[in-house]
Amino acid sequence: MLQLLLTIIIFLIIVIPVGRYMYHISIGAHTFADPVFDRVDGVIYRIGGVDPKKGMNWKQYALALVGTNAVMVFIGYLILRIQSIGLFNPNGIEGMEPTLSFNTIISFMTNTNLQHYSGESGLSYLSQMLVIIFMMFVSASSGYAACVAFIRGLAGKTKDNVGNFFADLVRITTRIMIPFSVVGGLLLVWQGVPQNFDANVVVETIEGTFQTIAMGPIAALEIIKHLGTNGGGFLGANSTTPLENPTILSNLIELYSMMLMPGACVITFGKMVRDRKQAAMEAAGQNSVTAPALNEGRSLTARIYGREGRSIFLAMGLIFIIGLSVCFWAESQGNPALANAGLNQSMGSMEGKEVRFGIAQSAMFTTTTTSFTTGTVNNMHDTLTPLGGMIPLLHMMLNVVFGGKGVGLMNMIMYAILAVFICGLMIGRTPEYLGKKIEGREMKLTALCIIIHPMLILAFSALAVATPGGMEGITNPGYHGLSQVLYEYASSAANNGSGFEGLADNTYFWNITAGLAMFFGRYLSIVIQLAIAGSLMKKRFVSESTGTLHTDTLSFAIILVFVVYIFAALTFLPALALGPIAEHLTLWS
Amino acid sequence: MNNTKSGLLHNIRQAVLVTLVLLLLCGFLFPVVLSGLSAVIFPHQATGSLIEVDGKTVGAEYVGQEFTEPYFMKGRPSAYHYNTYYEDAEGNQFYNDGSEFAGLSSGSNNYAASNPALVERVEADIEAFLAANPNVTREEIPADLMTASGSGLDPHISPASAEIQIPAIAEASGLSEDILRQIVADNTTDKMFGVFGEVTVNVLGVNLDIAREMGLIGEVSE
């Protein structure tokens with residue numbers, strides 16, 4: 001318990017400077033490292049023919065994002081297919097089969113990192129670098145770029161300019177991703193993560209047998225895997241393996257790497273919205289905003305997170321803590337089936353977990369990886385207890401608890417809009433959010449955006465359990481089989497990428513359906529969300545009145561949590577009842 | 001019309017060129033530079049923290065191994081037998097239990113908590129363990145020793161799992177229990193700052209020390 005508390009407190013402290021830095025990058029403000037990065041970016045802009053000052057409207061921005069990602073997919077697919085060439089391939093890996101290549105490339109471009117292959121036998125070092133590591137950088141940067149553009153839309157300084165996609169992509173990559181990765185990567189190597197281009201090592205043990213030990217540029221992949229909330233491992237068993245995650249310190253480095261950016265995104269949002277308010281105040285010549293619940297200058301948390309950012313951060317934090325507690329409790333209870341077999345369960349349910357992480361850090365990692373949509377695992381989720389496994393499943397279904405690479409924030413804003421709409425109906429006022437009226441067009445888009453996610457999960461799950469192609473993948477008997485299917489599509493649609501790894505998913509059926517779920521889960525949401533931002537931008541700010549629902553308060557954060565849970569219950573409860581809940585009841589009966 | 005067309009072409013050009021530059025930067029330069037830096041600053045870790053005995057590589061500090069001799073400490077069950085295998089005269093490769101070596105792998109059986117196969121495997125392992133350690137009762141066996149890790153490569157067991165193996169190892173190796181306890185203590189890592197993580201015993205480290213104490217091997221160097 002104490003270590004979980006400390007782990008969270010440390011996160012709350014280190015996220016502050018990172019949020020500040022990210023905010024400066026997002027608004028193009030000065031940072032200490034500008035002299036170096038301005039030159040690097042300048043060279044890239046010149047080669048690419050990019051004019052960073054040329055703004056785009058939301059349609060151009062979305063088009064540039066999708067188009068650039070399409071180019072990346074094309075190049076990546078090509079490399080996977082021809083990876084058997086002798087370049088950076090000391091272990092003699094063969095080329096990848098077409099449907100598996102399709103699934104893999106969509107998976108990494110959409111920042112899902114669902115893996116239907118095993119890194120040890122499926123990818124050459126060339127593919128690990130030019131496809132996997134490359135995609136991990138740019139898919140994360142693309143996501144943050146979309147998020148920054150979305151916030152610019154909401155913070156609305158101009159009527160249609162959401163920024164330049166190429167400039168955002170480059171700036172986020174060079175100023176955040178690469179420098180953080182170099183430092184973090186070195187820390188991981190220090191802790192014992194290999195980083196070399198050697199072939200796998202075969203050793204003769206002291207018993208005279210042999211052992212193969214994996215080598216390769218593992219640390220480079222490992223750090224961006226977490227920093228970009230990507231999640232796809234170098235090796236089949238991901239961050240459970242001592243090669244990817246050898247010590248408790250490497251575990252914490254990886255944990256914080258994946259938590260930092262999504263947390264920082266919320267801070268960036270809060271600060272950018274505050275800037276807009278201040279600008280509006282100055283323009284109106286007012287000295288104070290009407291009826292603020294807390295004075296901005298005096299409240300420390302408001303100054304750090306921005307008032308609007310604070311309530312969003314709080315709502316996300318509450319859901320996270322609730323999930324973590326349930327997961328930790330469920331895993332601590334152990335497995336009654338093993339207790340019946342006479343195995344002492346006082347250590348908790350240790351099947352699929354590493355001794356060095358134990359129950360606490362495993363529950364922490366599990367909840368974090370699915371909340372921040374990373375998908376890396378330090379224990380096997382398929383072997384979690386039913387309720388312990390329901391938490392990661394649920395958090396991917398919600399897809400709003402911080403979320404990866406900015407999209408979690410965008411999704412949460414969808415729920416915030418829904419919440420002000422519902423509250424608006426109750427008090428009989430036109431709903432407003434961030435000083436803009438929420439009207440028919442925004443509500444339609446919001447509803448569409450919120451409904452896509454459960455539709456992808458439930459429709460594909462239904463398809464899988466109704467067809468022989470889908471049923472063949474299920475490897476655990478009983479209710480857990482349904483959980484395996486739900487988990488796969490929830491992970492795909494939420495662009496998470498963790499898996500109930502028992503699922504035999506490298507088949508045409510699973511490769512293609514999961515690929516489609518990932519594709520639509522990513523791009524439909526991003527385009528719709530940018531459309532909402534574009535639509536809100538065009539509106540005039542309404543001045544606050546006594547009837548305005550304040551969205552920067554504790555009560556709004558709690559309303560938001562309830563809206564998220566109620567919506568999830570309405571959509572997913574039947575499926576959860578048939579999967580993990582039924583399994584729990586039979587196991588403990 | 002012409003304008004939008006050239007605009008589109010310009011956009012495609014930007015997309016392709018920016019992609020190629022980033023491909024070079026993130027996909028090639030970053031891992032190569034990181035490898036260079038690691039090789040200079042942390043050469044031992046960068047090459048996999050390999051352990052040498054008498055000039056020969058016998059394992060890696062952070063990767064568990066499967067042990068079968070009665071005088072060695074046993075680790076946790078592994079779905080892939082820690083990638084440990086032997087070769088017959090024709091060069092065919094087998095795991096210690098005689099099944100065919102699957103090639104370098106990692107992972108677990110992925111048995112759900114409710115899967116009867118899990119109970120079966122654990123019961124079989126408990127029986128085998130009790131047979132090898134006759135002075136231990138079923139209730140004393142810690143859970144980690146009978147459950148598979150997620151990676152199948154877990155180098156550690158809990159201190160309790162090390163302690164209950166000591167009497168049987170003492171008998172098989174001829175070393176005193178005190179020496180063995182000292183060896184276990186030498187290979188035990190505490191929680192970080194006394195708070196984070198768990199107390200762990202490195203099984204390979206213990207067995208290297210046992211082998212050296214028994215005179216089977218010479219000096220260990222890392």
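The values are calculated or read from the model by the stated rules, or taken from the named source; none is laboratory data. Note that the structure is a prediction, hence the values are computed from the model and not measured. Here Cβ is always computed from backbone atoms with ideal geometry, including for glycine, and neighbour counts include all displayed protein chains.
Taking (1) closer than 30 Å to A:LEU536 by Cα; (2) under 20 Å from the mean Cα position of the chain (by Cα); (3) surrounded by fewer than 23 Cβ atoms within 10 Å (Cβ to Cβ) in turn, A:VAL266 satisfies each apart from (3). Which ones in segment A:531-550 are at pLDDT below 90 and hydrophobic (A, V, I, L, M, F, W, C)? Within segment A:531-550, A:ALA533, A:LEU536, A:MET537, A:PHE541, A:VAL542, A:LEU549 meet the criteria. If only residues of segment A:556-589 that are at pLDDT 90 or above and hydroxyl-bearing (Ser, Thr, Tyr) are counted, the one that is farthest from A:LEU398 (Cα to Cα) is A:THR586.
Considering A:MET414, A:MET443, A:MET397, A:MET390, which residue is in contact with a helix residue (DSSP H, G or I) (Cβ under 9 Å, 6 or more places away or on another chain) and without any contact (Cβ under 8 Å) to a residue 40 or more places away in the chain?
Details: A:MET414 fails: without any contact (Cβ under 8 Å) to a residue 40 or more places away in the chain; A:MET397 fails: without any contact (Cβ under 8 Å) to a residue 40 or more places away in the chain; A:MET390 fails: without any contact (Cβ under 8 Å) to a residue 40 or more places away in the chain.
Only one candidate qualifies: A:MET443.
Scoring B:ILE157 on the criteria (1) buried (at least 19 other Cβ atoms within 10 Å of the Cβ); (2) within 17 Å of B:THR68 (Cβ to Cβ); (3) at pLDDT below 95 leaves a single failure, condition (3). Residues in segment B:114-166 that are of a type in the set (S, T, N, Q) and in a helix (DSSP H, G or I): 1 in all. Scanning segment A:332-382 for residues that are small (Gly, Ala, Ser), buried (at least 24 other Cβ atoms within 10 Å of the Cβ), facing chain B (nearest Cβ under 7 Å) and part of a loop (DSSP other than H, G, I, E, B) turns up A:SER349, A:GLY352.
Of all residues in segment A:342-359, those being under 24 Å from the mean Cα position of the chain (by Cα) and closer than 16 Å to B:ASP125 by Cβ number 1. Considering segment B:28-49 alone, what residues qualify as being facing chain A (nearest Cβ under 8 Å) and touching a residue at least 40 places away in the same chain (Cβ under 8 Å)? Result: B:SER49, single match. When the test is whether a residue is over 16 Å from the mean Cα position of the chain (by Cα), over 19 Å from B:ALA15 (Cα atoms), of a type outside the set (Gly, Ala, Ser) and surrounded by fewer than 19 Cβ atoms within 10 Å (Cβ to Cβ), A:GLU120 does not pass it. Answer yes or no: is there a residue in segment A:101-115 that is without any contact (Cβ under 8 Å) to a residue 24 or more places away in the chain, part of a helix (DSSP H, G or I) and of a type in the set (Val, Ile, Thr). No: zero hits.
Table: residues versus (1) more than 21 Å from the chain's Cα centre (by Cα); (2) closer than 23 Å to A:SER239 by Cβ.
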position: A:GLY388; (1), (2): no, yes
position: A:ILE391; (1), (2): no, yes
position: A:HIS395; (1), (2): no, yes
position: A:LEU409; (1), (2): no, no
position: A:CYS423; (1), (2): yes, no
position: A:ARG441; (1), (2): yes, no
position: A:LEU458; (1), (2): no, no
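Confirm whether B:ASP209 is more than 9 Å from chain A (Cβ to nearest Cβ), touching a helix residue (DSSP H, G or I) at 6+ places or on another chain (Cβ under 7 Å) and farther than 30 Å from A:PRO336 by Cβ. Spelling it out, B:ASP209 is indeed more than 9 Å from chain A (Cβ to nearest Cβ), touching a helix residue (DSSP H, G or I) at 6+ places or on another chain (Cβ under 7 Å) and farther than 30 Å from A:PRO336 by Cβ. For the residues A:LEU409, A:LEU418, A:LEU398, the requirement of being surrounded by fewer than 24 Cβ atoms within 10 Å (Cβ to Cβ), under 24 Å from A:MET455 (Cβ atoms) and among the aliphatic types (A, V, I, L, M) singles out A:LEU418.
For segment A:162-185, which residues satisfy the criterion of being surrounded by fewer than 19 Cβ atoms within 10 Å (Cβ to Cβ) and either of a type in the set (S, T, N, Q) or within 9 Å of chain B (Cβ to nearest Cβ) (or both)?
A:VAL182
Selection over segment B:167-206 of residues that are part of a strand (DSSP E or B), away from chain A (no Cβ under 11 Å) and surrounded by 20 or more Cβ atoms within 10 Å (Cβ to Cβ) gives a count of 0. Pairs are defined by a Cβ separation below 8 Å, a sequence spacing of at least 6 or placement on different chains, a first member in segment B:103-119 that is more than 7 Å from every other protein chain (Cβ to nearest Cβ) and at pLDDT 90 or above, and a second member that is crowded, with 21+ Cβ neighbours inside 10 Å and in a loop (DSSP other than H, G, I, E, B); the pairs so defined are B:ALA117/B:ASN109; B:ALA117/B:TYR111.
Residues that are in a helix (DSSP H, G or I) and touching a Lys or Arg at 6+ places or on another chain (Cβ under 9 Å) are absent from segment A:503-515. Screening segment A:63-88 for residues that are at pLDDT below 90 and within 12 Å of another protein chain (Cβ to nearest Cβ) and picking the one that is farthest from A:GLY119 (Cα to Cα) gives A:LEU87. How many of the residues in segment A:186-215 are more than 7 Å from chain B (Cβ to nearest Cβ) and over 30 Å from B:GLU87 (Cα atoms)? Going through segment A:186-215 one residue at a time, the tally reaches 3.
Filter segment A:123-139 down to residues that are over 13 Å from A:MET72 (Cα atoms) and within 11 Å of chain B (Cβ to nearest Cβ) and give me whichever is surrounded by the fewest Cβ atoms within 10 Å (Cβ to Cβ).
Here the answer is A:LEU126.
Restricting segment B:120-148 to residues that are within 17 Å of A:LEU384 (Cα to Cα) and small (Gly, Ala, Ser), the residue that is nearest to the other protein chains (Cβ to nearest Cβ) is B:ALA143. Once segment A:254-289 is narrowed to residues that are part of a helix (DSSP H, G or I) and among the polar types (S, T, N, Q), the residue that is modelled with the lowest pLDDT is A:GLN278. Taking first residues from segment A:204-215 that are touching a residue at least 60 places away in the same chain (Cβ under 8 Å) and partners that are crowded, with 23+ Cβ neighbours inside 10 Å and not hydrophobic (A, V, I, L, M, F, W, C), the Cβ contacts under 7 Å between residues at least 6 apart in sequence or on separate chains come to A:ALA214/A:GLU120. Screening A:ALA533 with (1) without any contact (Cβ under 8 Å) to a residue 24 or more places away in the chain; (2) aliphatic (A, V, I, L, M); (3) under 29 Å from A:SER107 (Cβ atoms) gives one miss only, at (1).
For B:ALA15, the conditions (1) of a type in the set (Gly, Ala, Ser); (2) more than 24 Å from the chain's Cα centre (by Cα); (3) under 30 Å from A:ASN245 (Cβ atoms) all hold with the exception of (3).
Does A:GLY92 count as loosely packed, with under 12 Cβ neighbours inside 10 Å and within 13 Å of chain B (Cβ to nearest Cβ)? Walk me through it before giving the result.
Values: loosely packed, with under 12 Cβ neighbours inside 10 Å: yes; within 13 Å of chain B (Cβ to nearest Cβ): yes.
So A:GLY92 fits the description; yes.
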